[in-house]
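The values are calculated or read from the model by the stated rules, or taken from the named source; none is laboratory data. It should be emphasised that the depicted structure is a prediction, and the values quoted were computed from it without experimental measurement. Using ideal geometry, Cβ is built from the backbone for each residue, glycine included, and neighbour counts are taken over all protein chains shown. The accessibility values were calculated without ligands, DNA or RNA, using every heavy atom of the protein model including side chains. Shrake-Rupley method; radii C 1.70, N 1.55, O 1.52, S 1.80 Å.
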Amino acid sequence: MTLLREIFDRDPGTGRLANNGQARIIQTPDKEQQLVLKHEIEDFVCEGAFEDSIERILQEFLTAHASGSGQQKAAWISGFFGSGKSHLLKMLAHLWVNTDFQGSRARDLPRRGLPASIKPHFTELDKVLKQTKTTAMAAAGTLLGGNEHVRRTV
């Protein structure tokens, strides 16, 4: 019989997640929250639906930019409670701006690396930023549960 601790990279019985399993999007993280964020990015596994979603969002942005229309679509992330919406959004925002962690950059931190399907999009994003002489910016946030007035909140 194979035990879970033999399958996972980290023994779930002894290795705790820095964020206790709950991603929180914080606009101005303090030093402790910065450390938690760094651990989250290091542990980020960009596969499956996460990979597909990030690739789709990046591709849509780059396609719209290349069209020269001057318009961009927003991305709406929805799903069931606990499905990873906040985690995906938080990781994408910090990968998008390539957050600096005192010399190490967000895109270089995931232990398993970023998928080959996504890396070229980030390279292209960096080219666009350089060509347009702009700084990367990511707006990320959450709507409070039970809000009946989504339009007003946005």
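Conditions tested, residue by residue: (1) aromatic (Phe, Trp, Tyr); (2) at pLDDT below 90; (3) more than 20 Å from Phe61 (Cα to Cα).
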position	(1), (2), (3)
Leu92	no, no, no
Gln102	no, yes, yes
Asp108	no, no, yes
Arg112	no, yes, yes
Lys127	no, no, no
Thr135	no, yes, no
Ala139	no, yes, no
Quiz item: Are there any pairs with C-beta distances below 9 angstrom linking a residue in segment 103-120 that is surrounded by 12 or more Cβ atoms within 10 Å (Cβ to Cβ) to a residue that is among the aromatic types (Phe, Trp, Tyr) and not in a loop (DSSP other than H, G, I, E, B), with the two at least 6 apart or on different chains, and if so which?
Solution: Ala106/Trp96; Arg107/Phe122; Leu109/Phe101; Leu114/Phe122
Quiz item: How many of the residues in segment 72-100 are under 18 Å from Asp126 (Cα atoms) and outside any loop (DSSP other than H, G, I, E, B)?
Solution: 8
Quiz prompt | Among (1) in a helix (DSSP H, G or I); (2) open to solvent by 80 Å² or more (accessible area, probe 1.4 Å); (3) closer than 21 Å to Met137 by Cβ, the one test that Phe61 misses | solution = (2)
Practice problem: Check Glu32, Glu47 and return the single one that is surrounded by fewer than 11 Cβ atoms within 10 Å (Cβ to Cβ) and modelled with pLDDT of 80 or more. | Solution: Glu47
